[in-house]
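So the structure is just underneath, and the comments pick up after that.
The values are calculated or read from the model by the stated rules, or taken from the named source; none is laboratory data. All values reported here derive from a predicted model rather than from experimental measurement. Reconstructed Cβ throughout: ideal geometry from the backbone, glycine too, with neighbour counts over all protein chains shown. Ligands, DNA and RNA are excluded from the accessible area calculation, which covers all protein heavy atoms including side chains. Shrake-Rupley method; radii C 1.70, N 1.55, O 1.52, S 1.80 Å.
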Amino acid sequence: MFAGYRRGPLDRWAAAFAQVFDRAVRRGEMSPDAATSVAAEAGPGVVIQRWLISGEPIDSHLVTAVVDEVMLPLLQRPRTPTA
């Protein structure tokens, strides 16, 4: 039952998030460890819950809120203070 889900939407979302995380790591915005952390699963988890369980729409407002309110605070590298 879940095999089709894992091969379909879940694989596509995992690939998309992996690309985003890879770019953020290359820009120095997050550490490589953060990209594979439980915190990295938080954003996709919200999107998947919305889509799979509640059936509520996934739109640009949700994605922006998930990125700004969940993912960035959890995953961004702490900024070093400048003297």
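Miscellaneous remarks
- Considered as a group, the residues in region 1-27 that are at pLDDT 75 or above and among the aromatic types (Phe, Trp, Tyr) include one that is farthest from PRO44 (Cα to Cα), and that residue is PHE21.
- Options TRP13, TRP51; residue that is open to solvent by 40 Å² or more (accessible area, probe 1.4 Å), more than 12 Å from the chain's Cα centre (by Cα) and in contact (Cβ under 8 Å) with a residue 24 or more places away in the chain: TRP51
- In region 61-83, residue modelled with the highest pLDDT [restricted to those that are assigned to a helix (DSSP H, G or I) and among the charged types (D, E, K, R)]: GLU69
- Residue check, SER31 in contact (Cβ under 8 Å) with a residue 12 or more places away in the chain and among the small types (Gly, Ala, Ser): yes
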